[in-house]
1. For a footprinting-style exposure proxy, rank PHE461, PHE382 by other Cβ within 10 Å, fewest first.
2. Before rounding to the nearest 500, sum -39500 (n - 2.57) across all DSSP H runs of length at least 4 in the chain and divide by the residue total; then give [θ] at 222 nm in deg cm²/dmol.
3. Could you estimate the translational diffusion coefficient of the range 3-168 from the Stokes-Einstein equation, with Rh from the Kirkwood formula over C-alpha pairs, at 37 °C and 0.692 mPa s, in whole µm²/s?
4. Counting other beta carbons within 10 Å of each Cβ, put ILE140, ILE436, ILE239 in order, fewest first.
5. Could you give the dipole magnitude of the range 3-168 about its Cα centre, charging the beta-carbon of Lys and Arg +1 and that of Asp and Glu -1, in debye to the nearest 20?
6. Given +1 on the Cβ of Lys and Arg, -1 on the Cβ of Asp and Glu, and no further charges, what dipole in debye does the range 353-547 carry about its Cα centre, rounded to the nearest 20?
7. Hey, any idea what Rg/Rh is for the range 132-260, computing Rh the Kirkwood way over Cα pairs?
8. Let me spell out the model: positive unit charges on the Cβ of Lys and Arg, negative unit charges on the Cβ of Asp and Glu, origin at the Cα centre of the range 245-371. What dipole size does that give, in debye rounded to 20?
Amino acid sequence: MSRRAADLLVESLETHGADRVFCVPGESYLPVLDALHQHARIQLITCRHESGAGFMAVADAKLTKRPGLCFVSRGPGATNASIAVHTAEQDAVPLILLVGQVPRNELGRGAFQEVDYGKTFADMAKEVWTVHDPNRLPEIVARAWSLASAPTPGPVVIVLPEDVLEEVVSGQASQPLPRQRQPAGSETAREVAQRLSEAERPLLIAGGCLDDEEGRAALLAAAQTHGIPVITSFKRQDIFPNSNPLYAGHLGFKMPAAQREVYEEADLLLAVGTRLGEVTTQGYRLPAAPVPHQPLIHVHPDPAHLNQVFAAELAVAAEPSGFLRALAEHPSRPPAARAAWVEMLHGRIRAARPWHRPADGLLDMGPVVAALCELATDDAIFITDAGNFSGWLHRHFPFNGRQRLIGAVGGAMGIGVPAAVAAGLRCPDRQIITLIGDGGFLMTGGELATALQHGVPVKIFVSDNQSYGTIRLHQERQYPGRPTATDLYNPDFAKLAEAYGARGFTIESIDEAAAVVKAALAEPGAALVSVKTAVEHISAFATLSELRP
């Protein structure tokens, strides 16, 4: 049966399991929009900015573990979406960005909005394909889906010259390529179990490869079998129950030096499912690069990330969940001294978890998070944008192992509202709670309109301290008393939310926080809470006064 290449593209995506794509429409891929109109099984979500569309695709991929799909037009559309490509690379998230392009006969002539995407995305995407032959579309979709998904997930780009899409083709939709897996051998698991039985102060650093139901279960089983404390990599503290006695903390930004120094007392590091990036390793100090101070066992499905930065005593190329399941089948006998190590680590986290009213009485995100500790559902999905305000959630909220945490490991501002929309669309029966700063909201907060258009009842808490707080913190450390370019002028966020059609709330004092949080969460539709936080409380661990000499 003859049909357009655009139809064949959409059919191939559907065959691979696509059920939702995000876009800002553009004239360079009009045939695809028409094909999607005729394929009702794939939902098309129209966004207000390409960065929002890209962020939604990234968040959707984080939740489904399938490639997120984003369509954008050529030139400005693609460059606007590049922030999502960078985020997907940094966060190891499967993403397929499909970009319209000028007709083939105009390529290389500097045509209107022409961009060489192979050059533009060379340092971010795993691969960039330009479709010159429409009959190869099924093959390219299959390769793109496979490469985006494994062994380290990441972004790929498919470039679609507009004249290709209208061509008549006779091929069939592509079938998914078999997924390659690295099984964990029993001998390796037995060797690691033996090493654990000899370690008095081991640490298991758990990473994003374990962020699914199977991975979480395997992590819990292995930790309990061997009595090994677990610390989670950056923005992954939701993958292990924080109240479990084996939970030892979260390797995030601006962690107090005293806490890092405690971790450095470990006599064995077992890193599973993490690339051991800069933030997780606290600036390449835990483990130390290039030669760790402790024996390092590094387990990752992609051999390319083993012994790349850190010299591991044992580098294991294996699927992390399978490795941990195998490890749980080989119990070890922890030394007697292990118990004190476990109790000390968890005790420090437990003692720091409750939020306490600050002596100066100034408002920060603490009372909001304290209320969320009481009111969040057992399967709530939390979204955090980039910024210091998220530190209160990381420090004070006890994730139970079933709740989800979605943020940008790569530190991109603006993911908050788009990710909330994607999460609400994917999980309509779950509570969606978003923490975002005033800077991040004014980057992509317009996607609140997308939430209202699709009836997504997001709950957004904006830290309104009229500052780019993270940068202000760095300024105060390096140039005390000389903040530059970080003061902001903000709208009334509650009124802005009302203008969109959401319910707006404002918190101006600690005493009213609990009641307002409760009212916002009880709102049946979308709601936004403007939290008038004091810039004096620049982070969950420091005030401006404390930073200054």
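1. On the way: PHE461 27, PHE382 23.
So the ranking, lowest neighbour count to highest, is PHE382, PHE461.
2. Numbers: 21 runs with 202 residues, N = 549.
Using -39500 (n - 2.57) per qualifying helix, the result is -10500 deg cm²/dmol.
3. Working: Rh = 15.2 Å.
Rounded, D is 216 µm²/s.
4. Values: ILE140 21, ILE436 31, ILE239 24.
In order of increasing Cβ crowding within 10 Å: ILE140, ILE239, ILE436.
5. Numbers: 15 positive and 21 negative charges, 81 e Å.
Here the size comes out at about 400 debye.
6. Values: 15 positive and 20 negative charges, 98 e Å.
Result for the range 353-547 is approximately 460 debye, rounded to the nearest 20.
7. Over the Cα atoms of the range 132-260, Rg/Rh equals 1.18.
8. Numbers: 11 positive and 12 negative charges, 63 e Å.
My answer is approximately 300 debye.
Taken together, the values in this text are just the output of simple stated rules run on the coordinates, not laboratory data. Please read these numbers as outputs of a predicted model, since none were measured by experiment. Neighbour counts are summed over all protein chains in view; Cβ atoms, including those assigned to glycine, are modelled from backbone coordinates with ideal geometry.
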